[in-house]
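Worksheet: one structure, shown below.
The values are calculated or read from the model by the stated rules, or taken from the named source; none is laboratory data. Predicted model, so just to flag it, every value in this text is computed and none were measured. Using ideal geometry, Cβ is built from the backbone for each residue, glycine included, and neighbour counts are taken over all protein chains shown. SASA here: full protein model, heavy atoms, side chains in, ligands and nucleic acids out. Shrake-Rupley method; radii C 1.70, N 1.55, O 1.52, S 1.80 Å.
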Amino acid sequence: MGPNACRKILLPVIEGLVILGEHSQAAQFYPLIGELMDTGAVVLWSSSHLTQTIAGIAAAAARQGGPAEEHFQIALQQAESFPHILEQAEIRRFHAMMLIDRSGVGDRDKAQTLLNEALQSYERIGMPRHVEMTQTLLARAAER
């Protein structure tokens, strides 16, 4: 499989592994997403996510909170500049997942804020499954 084919499947593979709870496997791809971003790629036609979003997901899976937050912040700025409403919600949801897992000082409060913002977007767009997933995450964020 050539490098272009690998790039096409890299983004959905990382997202899928994280959604399935296979964080250690997703974390292994973090260096590759870095290489992809070094090429200047912002988004690939084969993915609905920005490369920075996927980098944030992969960094979070690798338990690299600082880099994950940086990737999520850059991705959110990019998504707001386009504007890409769905991606903004997705970034907030994945960022919140990382914060809930990390559970540092203030992380759960910040996660709740991000999830409430994502929830409003999912409701406005009409994505009931994402509304449900976000409500489940909100319940997890509220657990102390």
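Yes or no: region 72-79 includes at least one residue that is in a helix (DSSP H, G or I) and free of Cβ contacts under 8 Å to residues at least 12 places away in the same chain. Talk me through it step by step, then tell me what you get.
Step one: of region 72-79, the residues in a helix (DSSP H, G or I) are 72-79.
Narrowing further to those that are free of Cβ contacts under 8 Å to residues at least 12 places away in the same chain: 73, 77.
Yes, the conditions are met somewhere in region 72-79.
Picking from residues in region 128-144 that are within 18 Å of the chain's Cα centre (by Cα) and touching a residue at least 24 places away in the same chain (Cβ under 8 Å), the one that is surrounded by the most Cβ atoms within 10 Å (Cβ to Cβ) is THR134.
Give the residue, chosen from THR51, THR39, that is open to solvent by less than 30 Å² (accessible area, probe 1.4 Å) and of a type in the set (Ser, Thr, Tyr). Break it down into steps so the answer makes sense when it comes.
Values: THR39 fails: open to solvent by less than 30 Å² (accessible area, probe 1.4 Å).
Among THR51, THR39, only THR51 is open to solvent by less than 30 Å² (accessible area, probe 1.4 Å) and of a type in the set (Ser, Thr, Tyr).
Using the structure shown, decide if PRO31 is out of contact with any Phe, Trp or Tyr (no Cβ under 8 Å at 6 or more places or on another chain), within 16 Å of GLU90 (Cα to Cα) and surrounded by fewer than 21 Cβ atoms within 10 Å (Cβ to Cβ). In short, no.
Screening ALA79, ALA58 for residues that are within 20 Å of GLY34 (Cα to Cα) and either touching an Asp or Glu at 6+ places or on another chain (Cβ under 7 Å) or modelled with pLDDT under 95 (or both) leaves exactly one candidate, ALA79.
With respect to the conditions (1) under 20 Å from PHE29 (Cβ atoms); (2) open to solvent by 10 Å² or more (accessible area, probe 1.4 Å); (3) aliphatic (A, V, I, L, M), LEU119 lacks only one, and its number is (1).
With respect to being crowded, with 19+ Cβ neighbours inside 10 Å, at pLDDT 95 or above and farther than 18 Å from ILE14 by Cα, ALA96 falls outside the description. The set of residues in region 90-135 being farther than 16 Å from ALA75 by Cβ and among the aromatic types (Phe, Trp, Tyr) consists of TYR122 alone.
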